[in-house]
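> Encoded as structure tokens, here's the structure I'll be asking about.
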Protein chains: 4
Amino acid sequence: MSNSFGRFFRVTTFGESHGPGLGVIVDGCPAGLKLDLAEIQQELDRRKPGQSQITTSRKEADQVQILSGVMDGVTLGTSIGMIIPNEDQKSNAYDNLKDLFRPSHADYTYQARYGLRDHRGGGRASNRETAARVAAGAVAKKLLSALVGSQTLAWVQQVGSLKTKMPHGQITLAQVEANAVRCPDAEMAEAMIAAITQAKTAGDSLGGVVGFKVEGLPAGLGSPVFDKLTARLGQALFSLPATRSLGFGLGEQAVLLKGSEHNDPFILRQGKVATPENRAGGVLGGISSGETLYGHLAFKPTATLFREQTTLTQDLQPVTFQASGRHDPCVLPRAVPIVEAMINLVLADELMSFTLANLDRIKKALA
Amino acid sequence: MSNSFGRFFRVTTFGESHGPGLGVIVDGCPAGLKLDLAEIQQELDRRKPGQSQITTSRKEADQVQILSGVMDGVTLGTSIGMIIPNEDQKSNAYDNLKDLFRPSHADYTYQARYGLRDHRGGGRASNRETAARVAAGAVAKKLLSALVGSQTLAWVQQVGSLKTKMPHGQITLAQVEANAVRCPDAEMAEAMIAAITQAKTAGDSLGGVVGFKVEGLPAGLGSPVFDKLTARLGQALFSLPATRSLGFGLGEQAVLLKGSEHNDPFILRQGKVATPENRAGGVLGGISSGETLYGHLAFKPTATLFREQTTLTQDLQPVTFQASGRHDPCVLPRAVPIVEAMINLVLADELMSFTLANLDRIKKALA
Amino acid sequence: MSNSFGRFFRVTTFGESHGPGLGVIVDGCPAGLKLDLAEIQQELDRRKPGQSQITTSRKEADQVQILSGVMDGVTLGTSIGMIIPNEDQKSNAYDNLKDLFRPSHADYTYQARYGLRDHRGGGRASNRETAARVAAGAVAKKLLSALVGSQTLAWVQQVGSLKTKMPHGQITLAQVEANAVRCPDAEMAEAMIAAITQAKTAGDSLGGVVGFKVEGLPAGLGSPVFDKLTARLGQALFSLPATRSLGFGLGEQAVLLKGSEHNDPFILRQGKVATPENRAGGVLGGISSGETLYGHLAFKPTATLFREQTTLTQDLQPVTFQASGRHDPCVLPRAVPIVEAMINLVLADELMSFTLANLDRIKKALA
Amino acid sequence: MSNSFGRFFRVTTFGESHGPGLGVIVDGCPAGLKLDLAEIQQELDRRKPGQSQITTSRKEADQVQILSGVMDGVTLGTSIGMIIPNEDQKSNAYDNLKDLFRPSHADYTYQARYGLRDHRGGGRASNRETAARVAAGAVAKKLLSALVGSQTLAWVQQVGSLKTKMPHGQITLAQVEANAVRCPDAEMAEAMIAAITQAKTAGDSLGGVVGFKVEGLPAGLGSPVFDKLTARLGQALFSLPATRSLGFGLGEQAVLLKGSEHNDPFILRQGKVATPENRAGGVLGGISSGETLYGHLAFKPTATLFREQTTLTQDLQPVTFQASGRHDPCVLPRAVPIVEAMINLVLADELMSFTLANLDRIKKALA
């Protein structure tokens, strides 16, 4: 069902923005994985609100609790239940929005689908829902670390029209975490922060692009034909709120090249199959090639504005309103750990699938 | 598993390019749907090779047979099995490729995943695999037609750097089918055909962009949080060979707008909830809004070139080779019905999910 | 994955006997269902330990909390998260069992599967796990009640060799709930209670048989070929701890009849299709016939004995031990609400499947 | 969906009794498995009609064809498509049954579910559907053989009231295949054949019980909590037509023992963890213990009789009719390979699940 993701390493989430809390069940995590609550919390801390001047001022500790599946710091092989209580809710900030459809939000479409909706903070459509994903993603990250040592990294590549030109090969976690906007290019980061601050002041909002890469991935991950690595990532990343565009490798720029210009001839590099340019972005036929997987994901500007807007009420009457509450003027900085989490969920799942794809591997496992 | 797609209306496919044939099982199609073999064949005819000078000269009748699930032209509610025998295979054209990894193809990655591979025509990684999807998509199309009357349309929007500026609202099926390249802009179509012909002559290839839209879709389709309409389409469309980028609504252009410029205020249009500009592309919070769903999907240039290339053999020795065989210099024209099929598979599935999303709808069904 | 059950109305559970708590996510419950916490609690109260002299003396309030998916007593269509904190744990009662494999328990097999295990109270293999199922089953019960008004009832039919001969058609909930052993036959109930008390005193245990029936089910539920109603119930009921045998209709007795004796000719009864004897148990070809669905489920005697037993340690050394802790000398009385819950989960799921099985029903839903 | 079975090794089937053919897709079979068409055919030959005087006289070659997923006798890791054309159909034998509901068949319930039905030979409800399962089961058998060398064996244990007392430990494949009824007890087999012949002559039918066992299974197979080995087998075996009762280990007889009599203390036997009696039937907590898995499955007598019966027409009018066509007077002999196939499908699937259940096994696979 639609609150589950994954086939082998499967997460199922619950939670509304203004309900008692959020939660997730991770099913299919193998027994014997060392899992430290602090490591999960660390990822949640990167996502939590109130981190800086350019994120929402909502204060949530986002303290995750493990309710099952782990004993003495090691996974049991049983389902892992985790919850994150909601704390700093100001539901009455939404009282005036109860009967109207906020523009470019999911109010109207939830109403159309379900016949009713939780109007408080967007309910299940809130970005808050992603906290549960980040908790689960931290487990996936640990699994990948234990099994293949791959490294997933995301960063803010563009905010509005401000775009860093740093090539993905040079970008490090330290650079990304060095500033509030999570852009590895320090100079550009400053400009982005200024732009976000300006938008915030104006009651306006900005969109942007998150870049991502995975290094150290073995060749062979991705399951033809419907669960190709790019297809799985396509579902995973477009399931995030506010996403508008996703590209792998050169993305849409690939269209401007001829085949003779875009093809990546295979070569040996340090005894390993590689290509000179890796234009494909580390995926061929939907399966990882062992080279760096990279791409980019575009987010629209935040729909909540602190200026007057017109819209319709639930009774289809025109109305003018202004949002109160606390919101990110730009979701990009907090989107970074969420994008990483979704990528890691896909990779953990596909690593399981890869294990089973060949008889020799299964034989070795059972030997 | 990875050869299945869909949760309620589920298709499972099989088949290699040079094996005996391709096939699909459609599971979950409701009983009572009128289903005419000719309607399915019509979609396959749009996809089949050898249609024109700018597609591959491989000749495949692609005659689909229905083996189950339909009696007297009506679906039984049981699983629908269909096969499409392979006919015009020249497997020996691949003999010289048996032991090498073609650049930008899936030879190397299949080998890495499975430890062996069908080298003939790409095996399962061949674009030929999509014939089974088109057959299934035709059933989905019929279901949508019977239930909601929505219209899915795709077209070639860009080939190399040649791009039509026709707005999606003006594009019709007749325009799309009026020329060999399936670009609704007749003038641009001519230029595209010339460009593809030129690339073909040069043994080179081109990529491009397929635009798509769905009109007449009800509001409420798409299942939060992991099966949002955009997420399902993300998986569906990125599961197609050679895809590199996917955008919904304004796509990456949304990033350049501020929230105040991008937001779509709700208005009434002919008594129906609408927006002035529908910048969101007909989806809010991952759920259809009742406005036109639109977006675009970029394909890289065909990997097979008819010129000398360098690569590695399976023993990791450098080698020079030249492809023979028959291939599309540009996959875009034949991709159009495939994109439509994948969209229709998602929509049929989400229509089922929508039916169950609200107690009142179920009550009405059972009354 | 294996902690999820259901295709349309899907539950996913977590929790170990001696961890912080148990929980469940119900995914796919339609929006608009009235759901009262007290109704869920009522089912848990029927399952909870410490109800009577013949159940375990472990005291658990088993207070369920709803964390999401419900607002103002109505389901939102989003996933419903529920938790039941663990309270009365005496984990040190298991210290002496940490390194041995209790006979006829899952200690050894969990170790074989996972390479480690939670030795405290059986961990995930504990019957305590079923509390989460009962909470989910209460939601399913509510859905069935809202949609079709069917009534699922289970009862204790046999304990050891003591067996009631009451025909299922006469059994009522009031009779079942009238005594501690949940046998509708008051006289037999007394004998059963005496037998259980005697076994308890002797440090021994008893098995038994739960009978079940569903009245008021429409014809047409059950999904050929792998999800026939009996197949789904087969999985659901054999997923319960300690189950050994399951029969539908006449069960194994059907074997002793000839076809001419076993066949149920169709007749009209009060204008409705029926049969004189309903030997089939309300299911034909795996699909409900509209007559009463009935069957029986056998449980082995509880594995925990309060007398000395021999076994092996984890190091494969012979050892003698005696259990302490608190356990049911006979699981049957508390199994009754669990069996009902599992049946209701299947029925709710198949009701959704039924809704989608026919085009006309979907049309009516969407009209 | 309901025509698929399995989570890791998944089969999806199609086909009606009187349509063009039956088929199956096996998805998730690892690459590198040697797979010989003759081995698959051999299992189908055991199931096919017309084998002896006591089975139906319908003649079907049941020649299976492999359409994909195998090259040069080795699996490719891609989906394996197989079809079995229908040949000896006499659909007009069903013309007089078109408008009536045969007693104890699925005519009425299919009509209730789907609003229409294929009346010819039972359509999808026909036992013929199981041919596709047997083809898939042969692949599972090959996989089990390559990986763990376990042996699944089924046999006819009871026909009507005739029951062999041979203990399962003594039964061999040679004994089972030595006579037409597939009862390993030669003397009892003769009596069973006589009884079936007598029933056939009388236009009547018999039911019976199939015994089954799996030897050589490793400990650790079965996925708590909903996919316990017994639960998966419960679904698999109750998905077979005409099944009424299923027991594991001592089955319902376990109820008559006290815990102190039923418990299986662990001992060492030839250095391996074992029990003196294996009353549990090789499964503890739903996970295989490494001892022989055994149980029994009861089938009702065949519903088709060659004598006059009364029933209702589709218009709910009373009617008298007599079946023509060709049918098994007792399905048991042909059920034996089908039961084995279903067990092997479960075991192959759970072997995959087992591979992923522990981090160390995955590490070994990836090393």
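The values are calculated or read from the model by the stated rules, or taken from the named source; none is laboratory data. As the structure is a computational prediction, the values presented were derived from the model and not from experiment. Backbone-built Cβ (ideal geometry, glycine too); neighbour counts: all protein chains shown.
> Out of all the residues in region D:260-267, is one or more aromatic (F, W, Y) and touching a helix residue (DSSP H, G or I) at 6+ places or on another chain (Cβ under 6 Å)?
Looking for residues that are aromatic (F, W, Y) and touching a helix residue (DSSP H, G or I) at 6+ places or on another chain (Cβ under 6 Å), one finds none in region D:260-267, hence no.
> While we're looking at this one, here's another question. Quick one: C:G149 ticks every box in (1) part of a helix (DSSP H, G or I); (2) surrounded by fewer than 24 Cβ atoms within 10 Å (Cβ to Cβ); (3) within 14 Å of another protein chain (Cβ to nearest Cβ) bar one, so which box is it?
With (1) part of a helix (DSSP H, G or I); (2) surrounded by fewer than 24 Cβ atoms within 10 Å (Cβ to Cβ); (3) within 14 Å of another protein chain (Cβ to nearest Cβ) applied to C:G149, the lone miss is (1).
> Looking at region D:227-248 only, could you name the residues that are in a loop (DSSP other than H, G, I, E, B) and buried (at least 24 other Cβ atoms within 10 Å of the Cβ)?
Within region D:227-248, D:K228, D:S239, D:L240, D:P241 meet the criteria.
> Let me ask something else about it. Kindly establish whether B:A61 is modelled with pLDDT under 90 and either touching an Asp or Glu at 6+ places or on another chain (Cβ under 8 Å) or assigned to a helix (DSSP H, G or I) (or both).
In short, yes.
> Any idea how many residues of region C:87-118 are within 13 Å of chain D (Cβ to nearest Cβ), modelled with pLDDT under 95 and either in contact with a helix residue (DSSP H, G or I) (Cβ under 6 Å, 6 or more places away or on another chain) or within 20 Å of C:F5 (Cα to Cα) (or both)?
Of the residues in that region, 1 qualify.
> Just give me the residues in region C:66-101 being under 30 Å from C:C29 (Cβ atoms), hydroxyl-bearing (S, T, Y) and surrounded by fewer than 22 Cβ atoms within 10 Å (Cβ to Cβ), in sequence order.
none
Listed here are the residues, each with its yes/no results for (1) of a type in the set (A, V, I, L, M); (2) modelled with pLDDT of 95 or more; (3) within 24 Å of A:F248 (Cα to Cα).
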position	(1), (2), (3)
A:V159	yes, yes, yes
A:L162	yes, yes, yes
A:T172	no, yes, yes
A:E177	no, yes, yes
A:A191	yes, yes, no
A:I196	yes, yes, no
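> Still on this structure, I have one more. If you check D:G251 against the conditions, is it at the interface with chain C (Cβ under 7 Å from one of its Cβ atoms), at positive phi and either in contact with a strand residue (DSSP E or B) (Cβ under 7 Å, 6 or more places away or on another chain) or surrounded by fewer than 24 Cβ atoms within 10 Å (Cβ to Cβ) (or both)?
For D:G251, the condition - at the interface with chain C (Cβ under 7 Å from one of its Cβ atoms), at positive phi and either in contact with a strand residue (DSSP E or B) (Cβ under 7 Å, 6 or more places away or on another chain) or surrounded by fewer than 24 Cβ atoms within 10 Å (Cβ to Cβ) (or both) - is met.
> Return yes when C:Q270 is of a type in the set (S, T, N, Q), more than 8 Å from chain D (Cβ to nearest Cβ) and without any contact (Cβ under 8 Å) to a residue 12 or more places away in the chain and no when it is not.
yes
> Also, quick follow-up: Starting from region C:1-27, take each residue that is under 20 Å from C:L356 (Cα atoms) and list its partners that are modelled with pLDDT under 95, counting only C-beta distances under 9 angstrom and pairs at least six apart or across chains.
C:G6/A:M1; C:R7/A:M1; C:R7/D:M1; C:F8/A:M1; C:F9/A:M1; C:R10/A:M1; C:D27/A:M1
> Please specify each residue of region B:98-118 satisfying the condition of being assigned to a loop (DSSP other than H, G, I, E, B) and either within 18 Å of B:F306 (Cα to Cα) or not hydrophobic (A, V, I, L, M, F, W, C) (or both).
B:K98, B:D99, B:R102, B:P103, B:S104, B:H105, B:A106, B:G115, B:R117, B:D118, listed by residue number.
> Say we look at region C:202-214 and pick out the residues that are touching a Gly at 6+ places or on another chain (Cβ under 9 Å) and in a strand (DSSP E or B); which of these is surrounded by the fewest Cβ atoms within 10 Å (Cβ to Cβ)?
This residue is C:K213.
> Which of the numbered conditions does A:G220 fail, given that it passes all the others? Conditions: (1) more than 7 Å from chain B (Cβ to nearest Cβ); (2) buried (at least 24 other Cβ atoms within 10 Å of the Cβ); (3) outside any helix (DSSP H, G or I); (4) of a type outside the set (K, R).
Among (1) more than 7 Å from chain B (Cβ to nearest Cβ); (2) buried (at least 24 other Cβ atoms within 10 Å of the Cβ); (3) outside any helix (DSSP H, G or I); (4) of a type outside the set (K, R), the lone unmet condition for A:G220 is (1).
> Can you tell me which residue within region B:262-275, out of those that are in contact with a Lys or Arg (Cβ under 9 Å, 6 or more places away or on another chain) and surrounded by fewer than 24 Cβ atoms within 10 Å (Cβ to Cβ), is nearest to A:A298 (Cα to Cα)?
Per the criteria, the residue is B:D264.
> Read through the list (1) within 20 Å of the chain's Cα centre (by Cα); (2) within 14 Å of chain B (Cβ to nearest Cβ), then give the number of the only condition that A:E60 fails.
Every condition holds for A:E60 apart from (2).
> Can you tell me which condition B:K258 does not meet? The list is (1) within 22 Å of A:G282 (Cα to Cα); (2) at pLDDT 95 or above; (3) within 8 Å of chain A (Cβ to nearest Cβ), and all the others hold.
It fails just one condition, (1).
> Here are some residues: D:I171, D:I193. Which one is in contact (Cβ under 8 Å) with a residue 40 or more places away in the chain, in contact with a Lys or Arg (Cβ under 8 Å, 6 or more places away or on another chain), more than 13 Å from every other protein chain (Cβ to nearest Cβ) and of a type outside the set (D, E)?
D:I171
> Follow-up question, since we're still on this one. Select, from A:I40, A:I54, A:I84, the only residue that is in a loop (DSSP other than H, G, I, E, B) and among the hydrophobic types (A, V, I, L, M, F, W, C).
Among A:I40, A:I54, A:I84, only A:I54 is in a loop (DSSP other than H, G, I, E, B) and among the hydrophobic types (A, V, I, L, M, F, W, C).
Listed here are the residues, each with its yes/no results for (1) under 30 Å from D:E291 (Cα atoms); (2) part of a helix (DSSP H, G or I).
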{"position": "D:Q89", "(1), (2)": "no, no"}
{"position": "D:R124", "(1), (2)": "no, yes"}
{"position": "D:R133", "(1), (2)": "yes, yes"}
{"position": "D:R182", "(1), (2)": "yes, no"}
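> Related question: Going through region C:162-173 one residue at a time, which ones are in a helix (DSSP H, G or I) and more than 19 Å from the chain's Cα centre (by Cα)?
C:G169, C:Q170 - these are the residues of region C:162-173 that are in a helix (DSSP H, G or I) and more than 19 Å from the chain's Cα centre (by Cα).
For (1) farther than 22 Å from D:Q41 by Cα; (2) among the charged types (D, E, K, R), each residue gets a yes or a no:
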{"site": "D:V139", "(1), (2)": "no, no"}
{"site": "D:M166", "(1), (2)": "yes, no"}
{"site": "D:A180", "(1), (2)": "no, no"}
{"site": "D:D185", "(1), (2)": "yes, yes"}
{"site": "D:A191", "(1), (2)": "yes, no"}
{"site": "D:K200", "(1), (2)": "yes, yes"}
{"site": "D:D204", "(1), (2)": "yes, yes"}
{"site": "D:F212", "(1), (2)": "no, no"}
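> Here is a list: B:T275, B:T310, B:T302. Which entry is closer than 29 Å to B:I40 by Cβ and of a type outside the set (D, E, K, R)?
B:T302
> Taking region C:69-81 as the search range and keeping residues that are touching a residue at least 12 places away in the same chain (Cβ under 8 Å), not hydroxyl-bearing (S, T, Y) and not in a strand (DSSP E or B), which one is farthest from the other protein chains (Cβ to nearest Cβ)?
Among those that are touching a residue at least 12 places away in the same chain (Cβ under 8 Å), not hydroxyl-bearing (S, T, Y) and not in a strand (DSSP E or B), it is C:G73.
> To continue, here is another question. Return the residues of region D:4-24 that are facing chain B (nearest Cβ under 7 Å) and outside any strand (DSSP E or B); say none if nothing qualifies.
D:G15, D:E16, D:G19, D:P20, listed by residue number.
> Given the residues A:T302, A:T275, A:T311, which is the only one that is out of contact with any strand residue (DSSP E or B) (no Cβ under 7 Å at 6 or more places or on another chain), facing chain B (nearest Cβ under 10 Å) and not hydrophobic (A, V, I, L, M, F, W, C)?
A:T302
> Is there a residue in region A:30-40 that is farther than 26 Å from B:M1 by Cα, within 17 Å of the chain's Cα centre (by Cα) and touching a residue at least 12 places away in the same chain (Cβ under 8 Å)?
yes
> Out of D:T355, D:T304, report the one residue that is touching a residue at least 60 places away in the same chain (Cβ under 8 Å) and crowded, with 20+ Cβ neighbours inside 10 Å.
The match here is D:T304.
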